[in-house]
1. Just add up the charged neighbours of Thr35: K/R +1, D/E -1, any other residue whose Cβ is under 14 Å from the Cβ of Thr35.
2. Spin-label point model (7 Å from Cα, Cβ direction): what's the Val15 to Asp63 distance in nm?
3. Determine, from the Cβ-Cβ distance of Ser32 and Ser55 and an R0 of 35 Å, the FRET efficiency 1/(1 + (r/R0)^6), rounded to the nearest 0.05.
4. Any chance you could look up the accessible area of Lys8 with a 1.4 Å probe, heavy atoms only, rounded to 10 Å²?
5. Within segment 10-92, list the GluC sites (Glu not before Pro) lying in a DSSP loop whose Cβ has at most 15 other Cβ atoms in a 10 Å radius.
6. Given an 8 Å cut-off on Cα distances and at least 6 residues of separation, report the relative contact order of the chain as a percent.
7. Which of rounded, prolate, oblate describes the chain, given a ≥ b ≥ c as roots of the alpha-carbon gyration tensor eigenvalues and a/c under 1.5 marking rounded, otherwise prolate only if a/b is larger than b/c?
8. For Thr52, tell me the accessible area in Å² from a 1.4 Å probe, rounded to the nearest 10.
Amino acid sequence: PGLVGFNKLTGRSRVISFDSVDEAKAGDWKNSQWTHSLNGSWRFHLAPNPTTLPSGFEASDFDSSGWSEISVPSNWTMQGFDKPIYTNVKMP
């Protein structure tokens with residue numbers, strides 16, 4: 001295709017820090033102390049708009065126990081929230 005997108009960041013490679021050249025050459029990024037995976041189960045709340053965000057949700061002691069959980073990485077529309085904004089394939 002001649003155009004695959006506009007108004008978006010260009011592609012880039014992932015940059016990972018290591019403690020030594022030997023560790024970098026080994027390429028075991030999962031064991032680097034400078035890397036933390038965000039994969040897993042996350043509490044999720046989809047607000048209809050920014051003015052309806054729960055007050056204080058950004059605080060570390062905020063009680064999100066009433067929120068749903070989603071798997072990350074994923075797409076919340078694939079987990080029953082909202083509707084897809086764009087798709088070129090049929091979503092289940």
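1. Taking every other residue near Thr35 into account, the sum is -1.
2. 4.2
3. It comes out at approximately 0.40.
4. Accessible area, nearest 10 Å²: 130 Å².
5. Here the sparse-neighbourhood loop sites are Glu58.
6. Averaging sequence separation for qualifying contacts and normalising by length gives 21 percent for the chain.
7. Verdict is oblate for the chain.
8. 60
The values are calculated or read from the model by the stated rules, or taken from the named source; none is laboratory data. This structure is a prediction, so every number in the text was calculated from the model and none was measured. So basically every Cβ, Gly included, is an ideal-geometry build from the backbone, and we count neighbours across all protein chains shown. Heavy atoms of the whole protein, side chains included, go into the accessibility calculation; ligands, DNA and RNA do not. Shrake-Rupley method; radii C 1.70, N 1.55, O 1.52, S 1.80 Å.
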